[in-house]
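Undergrad: My questions all concern the structure below.
Quick note: the coordinates plus some simple rules give every number you see, no bench work behind them. Remember, it's a predicted structure, so these values are computed and weren't measured experimentally. Because the Cβ atoms are built from the backbone with ideal geometry, glycine has one as well, and the counts that use them run over all protein chains shown.
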């Protein structure tokens with residue numbers, strides 16, 4: 001997989017457009033809780049203004065005048081202010097956390113549902129690590145910033161307004177002097193915001209590259225170790241990390257610049273107030289209490305000002321994440337069910353392709369293919385790699401739509417059926433037995449609750465899962481590990497066959513189902529497949545020609561076309577591509593391959609690479 005940043009067509013968008021998208025889709029539904037949280041934020045913000053207001057009586061009436069009665073009421077008032085502020089602060093934080101988590105959960109779920117529905121071409125250009133970064137990190141970034149924006153709009157804005165009101169009430173000239181540096185920061189702030197957006201967008205893309213690299217490393221850990229690639233992979237990851245760190249630091253520089261300019265503005269303002277107001281206090285025109293009230297108000301005001309300044313930088317970073325999320329959420333889904341779907345056919349159907357042509361960009365993988373798989377019989381597809389065999393499966397199940405031609409099930413066009421109904425006609429067993437990191441039972445049932453114990457036992461026996469079940473520590477409740485790593489290759493295949501038996505669909509697709517197995521496991525799995533294919537329309541992809549000698553019909557494909565078809569004996573007699581493939585696998589002077597019913601050869605099962613590696617580690621640990 002390429003480690004470059006996947007190309008993105010940035011929709012960009014102003015802050016208003018992006019915030020409107022986030023508001024309409026996710027925040028609006030929590031309007032009630034947001035309103036309550038804002039009330040508590042307003043209370044918390046107003047208490048900051050009350051603190052600064054109390055500075056004047058505290059200094060003039062208590063410290064200077066020595067009024068004991070004022071001491072009591074001022075101290076009680078201050079206690080009440082801090083108590084109210086504490087309760088309001090806790091309440092708004094709890095409410096915002098709930099809203100944030102619910103919003104993030106909704107956004108992640110919507111994004112996952114959208115990505116799952118995309119076709120294979122989309123997932124070829126968007127690797128898993130890239131999408132994981134979007135679903136996890138980008139959503140977290142958005143969540144963090146909208147909380148900061150709402151907090152700023154509630155608590156910080158009201159605190160700033162009240163504090164400025166207190167300062168103006170003391171002396172409007174002092175307040176004007178305090179803000180004298182504001183115009184100086186407007187142009188630099190705009191430049192800083194644009195810089196932050198650019199660097200944040202690059203940092204988000206580089207974060208996706210890092211996630212993709214980790215995904216590839218951990219999924220390929222066995223070949224990495226066997227080929228001594230640890231240092232090589234570490235160097236590549238370090239190179240990507242250095243680029244990511246550089247982009248993050250530059251984005252942080254822009255983000256920190258804005259509150260830094262607020263500090264500079266504050267310094268200029270305070271200098272002006274001290275020069276002008278200090279002279280008035282010395283002259284007796286103003287009291288110390290007035291100055292302390294003003295100084296406290298302005299000092300406290302600069303904290304929300306700095307936070308509000310920082311929000312603009314944080315928003316630019318979040319905007320880069322929202323752009324990416326918005327792109328994925330709005331990416332068109334090409335494979336959808338028709339508006340008025342035709343019901344799926346009943347019974348065991350005939351499967352046909354009529355003049356099907358399929359291209360990926362400029363590459364033609366199927367070129368006018370006509371194919372007929374008779375109902376209830378086994379049709380095998382053979383040919384060299386790249387001949388188009390797997391593409392036939394993709395067209396039949398509508399993982400991809402051809403540019404021309406039609407796939408039909410019992411005469412009904414695949415595109416005329418609802419996707420769920422169409423795919424409900426197929427069971428697929430491939431060489432890559434996909435298992436989830438769940439129990440064996442869950443990997444077979446896949447969430448179904450309508451399967452009785454007797455029915456499940458029958459399926460386990462037919463798929464030969466019962467053969468290895470007693471060896472598992474917790475039987476059906478044994479976790480199979482990530483991607484089924486706790487089971488051997490043959491065991492994983494039998495679990496997938498059990499799934500297919502439980503689905504009980506009329507069409508069976510077998511894609512190199514035994515190609516990666518040892519001889520003994522292959523015989524067991526082949527026997528289970530024969531039971532599975534009974535009474536179904538079966539289409540088999542096979543490179544190992546010995547496994548399809550008894551197929552009712554063998555279709556030979558070459559360069560995306562059907563070039564020959566017939567039985568095993570007919571194709572051998574014609575001395576065409578099939579005969580050449582057969583001779584490549586079985587030397588002309590060697591005995592013919594043993595028939596399917598020959599006595600099994602006593603060959604010890606070869607453990608899967610993951611299991612082999614786990615045993616090696618266990619032995620090393622045991623010695624240590």
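Undergrad: What length, rounded to one decimal in nm, is gained on full extension from residue 360 through to residue 256, with 0.36 nm per residue of separation minus their alpha-carbon distance? Before the final figure, lay out each step's value.
TA: Numbers: separation 104, 0.36 × 104 = 37.44 nm, distance 4.65 nm.
That works out to 32.8 nm of additional length.
Undergrad: Based on the mean of other Cβ atoms within 10 Å per residue, sort peptides 550-558, 289-297 so the most packed one is first.
TA: Values: 550-558: 19.6, 289-297: 22.7.
Highest mean packing first, the order is 289-297, 550-558.
Undergrad: Only helical DSSP H runs with n ≥ 4 go in: add -39500 (n - 2.57) per run for the chain, normalise by residue count and round the 222 nm mean residue ellipticity to 500 deg cm²/dmol.
TA: On the way: 21 runs with 352 residues, N = 624.
Roughly -19000 deg cm²/dmol at 222 nm, from the helical runs in the chain.
Undergrad: To test your reading of the geometry: what angle, between 0 and 90 degrees and rounded to tens, separates the Cα axis of helix 453-462 from the longest principal axis of the chain?
TA: The two axes meet at around 50 degrees.
Undergrad: Note down the nm distance, to one decimal, between modelled labels 7 Å out along Cα→Cβ at residue 218 and at residue 17.
TA: Computed distance between label sites residue 218 and residue 17 equals 3.6 nm.
Undergrad: Rank by packing, highest mean first: peptides 441-453, 21-33, 161-173, 209-221, with packing defined as the count of other Cβ atoms within 10 Å averaged across residues.
TA: Details: 441-453: 12.8, 21-33: 14.6, 161-173: 19.2, 209-221: 17.5.
Highest-to-lowest ranking by the protection proxy: 161-173, 209-221, 21-33, 441-453.
Undergrad: Taking every pair of alpha-carbon atoms in the range 19-330, give the share separated by more than 23 Å as a whole percent.
TA: So the portion of pairs separated by more than 23 Å is 67 percent.
Undergrad: Extension gain residue 339-residue 144, at 0.36 nm per residue separation less the Cα-Cα distance, in nm?
TA: Values: separation 195, 0.36 × 195 = 70.20 nm, distance 3.97 nm.
Between residue 339 and residue 144, full extension yields 66.2 nm more.
Undergrad: When the convex hull of the Cα atoms of the range 357-459 is projected onto a plane and the area is averaged over all directions, what value comes out in nm²?
TA: Details: hull surface 36.8 nm².
Approximately 9.2 nm², given one-decimal rounding.
Undergrad: Label-point separation (nm) for residue 404 and residue 420, each offset 7 Å from Cα along Cα-to-Cβ?
TA: It is 3.5 nm.
Undergrad: Right, another one. Which number comes out as Rg/Rh for the chain once both Rg and the Kirkwood Rh are worked out on C-alpha atoms?
TA: On the way: Rg = 35.1 Å, Rh = 30.5 Å.
A ratio of 1.15.
Undergrad: Looking at the chain, what % of its DSSP beta bridges pair antiparallel, to the nearest 5? Could you put the intermediate results ahead of the total?
TA: On the way: 20 of 38 bridges.
In the chain, approximately 55 percent of DSSP beta bridges are antiparallel ones.
Undergrad: Here's a follow-up. Determine how many Å³ per residue the convex hull of the Cα atoms of the range 46-154 encloses. Walk me through the numbers on the way to the answer.
TA: Numbers: hull volume 10.9 nm³, N = 109.
Cα convex hull per residue, to the nearest whole number: 100 Å³.
Undergrad: Points 7 angstrom from Cα along the Cβ direction at residue 71 and residue 105: gap in nanometres?
TA: Taking the two extended label points, one gets 5.4 nm.
Undergrad: Using only the alpha-carbon atoms, how far is helix 139-151 inclined from the longest principal axis of the chain? Give it as 0 to 90 degrees, nearest 10.
TA: 20
Undergrad: Angle between the Cα long axis of helix 68-116 and the longest principal axis of the chain, 0 to 90 degrees, nearest 10?
TA: Helix 68-116 sits roughly 20 degrees off the main axis of the chain.
Undergrad: Now for a separate question. Which FRET efficiency value, to the nearest 0.05, do you get for residue 457 and residue 225 by plugging their Cβ-Cβ distance into 1/(1 + (r/R0)^6) with R0 = 45 Å? Working shown, then result.
TA: Numbers: r = 40 Å, r/R0 = 0.88.
Efficiency computed from Cβ-Cβ geometry: 0.70.
Undergrad: If packing is taken as the average count of other Cβ atoms within 10 Å, what order do 361-374, 234-247, 495-508, 527-540 fall into, highest mean first? Don't skip to the answer; put the middle values down first.
TA: Numbers: 361-374: 16.4, 234-247: 14.0, 495-508: 21.6, 527-540: 19.6.
Final packing ranking: 495-508, 527-540, 361-374, 234-247.
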